[in-house]
Amino acid sequence: MTRTASPRTTVRAALPAVAPAALPAVLALALGLWGIGRRDSMWRDESVTHQVAHRSLGDLGRLLGHIDAVHGLYYLLMHAVFALWDGGLLALRLPSVLATALAAAGVGVIGARLAGRRAGVLAGTVFAVLPVTQQYAQEGRSYALVTAAVTWATYLFLRGLDAPGRRWWAGYAVLLALACWLHEFAALALTAYALTLWRLGAPRRTWRRWALASAAVLAALLLLAVLSARQAEDQLGWLGRPSPALWFQYAAVAAVCALLARWLLRNEPDEAGAPGTGDAARGRVTLVWLGLGLAVLPAGLLMTVSLVKPWYVDRYVIYGMTGAALLAGAALDRAVAGRARWRRAVRVPVACLAAVAAVAVLLPWSLAVRSPQSRKDDVVAVAREVRRLARPGDGVLFLPARRREWLLSRPGLYARLDDLALAGSPAASATLQGTELPAAEIRRRILAADGIVALADPPGQPLDPYPQEAVKRDVLHRQFEVCARVHVHGAQILRYARPGRCAR
């Protein structure tokens, strides 16, 4: 008589198989939801997402024809999110939280496939608790979604290595193209896949299928690349070449990853005394070169290009942290396996001490990335002070003009103020922050005002040399006096009035 397994037994048997995906995903989801409001703060890039995603599809299309095409697919996604549910900061950041959970699951699945279930759980856990992962899990920008798409494209790449059919390569091409349309620098992940194929000595047929799939990705990216290249000067003109500090940070990460890779490639005997061979050894080698490639190559290549044409920002290639997590997870797994013969009386205290040490190191960083000070500024705090300082009939000036973004995501407050320098609204001019009047007209309008609220960068920041900005500063300095000055994170708000009229 055949004995039927009970549902409880079936679930219990399935738990180890799903653990590499489920445990990191649940952890990443919990960390993403923890403090998601970031003390009711939002920084300028998130404000761009918020206000652009609330434009009509027609206005959004016109904007992308002029600037920010690189984020176009993400803006369309967020437009749909806000159309379904205009849930404020939670709606703004929830897609990134969910994408981070999906990426953590993908890291766990990749680690399990290449190095075993325990290594998968550890790799996914490392990825979820990295401070940089937690930061972008709670940011209303595209980078967490890019990471999720690259991670699962990587999984399909690995399936394509082992399967004779073409369906895995088709899925790989679709997901990587999606990642590139969310941010085109996801295409740099191709360098990690090429390195992996080379170090594995992949057969010519595998190289051919990968090349065809990757060519399809690049072909799908071509239109976006051409359009964004035309916008690059306006889009990335604010960037400088990577600083020595950035190079040092990159070198430190690369060195740690290289050391982990070297240790993992050592052919140490397993518990039975036989050297690792066969599928396990191949999986470990694949993990090492794939992880090292993802962690080092995209960032290194972009930084090198930026010596000539500055394009590097760490968040553009943040998906590389999946590679570092794979290496760290595999290294932790090997360390645990190497101490498997320890007595339980020793293992448990050591494990507890390691857990306490990890919490002690990571908790301050986790708290820091959930504070308003973790970003460059806080548009909510700026709007709060403007609301407090402004008087009926006051004009408003932005010094420089791009700081108009601080109020655009608060349209009710912005509409109450007379924008003295505005020529065309952001939607009407198909720009992010609108266009401004000629310097002479700005001077005339400032001189006609009695009270002005000015939103400016903190002291010590470089001053824009444009005529419009120079005339704002000159007239305010010569014809007005400062009645109030409030500093908030990343900004200062000043109220000006005619000399002797501050008390009115």
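The values are calculated or read from the model by the stated rules, or taken from the named source; none is laboratory data. Computed from a prediction, not measured in an experiment: that's the story for all the values here. Positions of Cβ are generated from backbone atoms using ideal geometry, with glycine treated the same way; all protein chains shown enter the neighbour counts. When the accessible area is computed, the model is the full protein with side chains, heavy atoms only, and any ligands, DNA or RNA have been set aside. Shrake-Rupley method; radii C 1.70, N 1.55, O 1.52, S 1.80 Å.
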Next on the checklist: I'm checking my understanding of the structure. Among residues of the range 39-65 that are assigned to a helix (DSSP H, G or I), in contact with a Lys or Arg (Cβ under 8 Å, 6 or more places away or on another chain) and closer than 20 Å to residue 378 by Cβ, which one is most open to solvent (accessible area, probe 1.4 Å)?
Outcome noted: 44
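Each row is one residue, and each column tells you yes or no for (1) of a type outside the set (Phe, Trp, Tyr); (2) modelled with pLDDT under 95; (3) touching a strand residue (DSSP E or B) at 6+ places or on another chain (Cβ under 9 Å); (4) more than 30 Å from residue 337 (Cβ to Cβ).
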| position | (1), (2), (3), (4) |
| --- | --- |
| 195 | yes, no, no, no |
| 211 | yes, no, no, yes |
| 237 | yes, yes, no, yes |
| 240 | yes, yes, no, yes |
| 255 | yes, no, no, no |
| 268 | yes, yes, yes, no |
| 278 | yes, yes, no, no |
Checklist entry - Restricting attention to the range 370-406, which residues are touching a Pro at 6+ places or on another chain (Cβ under 9 Å) and among the β-branched types (Val, Ile, Thr)? => result 380
Item to check | Number of the condition not met by residue 317 [criteria: (1) at pLDDT 95 or above; (2) under 30 Å from residue 414 (Cα atoms)] | outcome: (2)
Checklist outcome for this item: Of the listed residues (159, 199), the one being within 23 Å of residue 301 (Cα to Cα) and of a type in the set (Lys, Arg) is 199
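Here is a yes/no grid of residues against (1) open to solvent by less than 30 Å² (accessible area, probe 1.4 Å); (2) more than 31 Å from the chain's Cα centre (by Cα):
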residue	(1), (2)
410	no, no
453	yes, yes
468	no, yes
475	yes, yes
Next on the checklist: farther than 25 Å from residue 42 by Cβ and in contact with a helix residue (DSSP H, G or I) (Cβ under 6 Å, 6 or more places away or on another chain): which single residue out of 104, 153 fits that description?
Outcome noted: 153
Checklist entry - If you check residue 250 against the conditions, is it of a type in the set (Ser, Thr, Tyr), in a loop (DSSP other than H, G, I, E, B) and at pLDDT 90 or above? => result no
Checklist entry - Which one is farthest from the chain's Cα centre (by Cα), of the residues in the range 455-466 that are surrounded by 14 or more Cβ atoms within 10 Å (Cβ to Cβ) and either without any contact (Cβ under 8 Å) to a residue 24 or more places away in the chain or outside any strand (DSSP E or B) (or both)? => result 464
Next on the checklist: Considering only the range 98-121, I want to know if a residue exists there that is free of Cβ contacts under 8 Å to residues at least 40 places away in the same chain and among the hydrophobic types (A, V, I, L, M, F, W, C).
Outcome noted: no
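Table: residues versus (1) part of a helix (DSSP H, G or I); (2) open to solvent by 20 Å² or more (accessible area, probe 1.4 Å); (3) modelled with pLDDT of 95 or more; (4) under 16 Å from residue 293 (Cβ atoms).
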{"position": "141", "(1), (2), (3), (4)": "no, no, yes, no"}
{"position": "147", "(1), (2), (3), (4)": "yes, no, yes, yes"}
{"position": "177", "(1), (2), (3), (4)": "yes, no, yes, no"}
{"position": "181", "(1), (2), (3), (4)": "yes, yes, yes, no"}
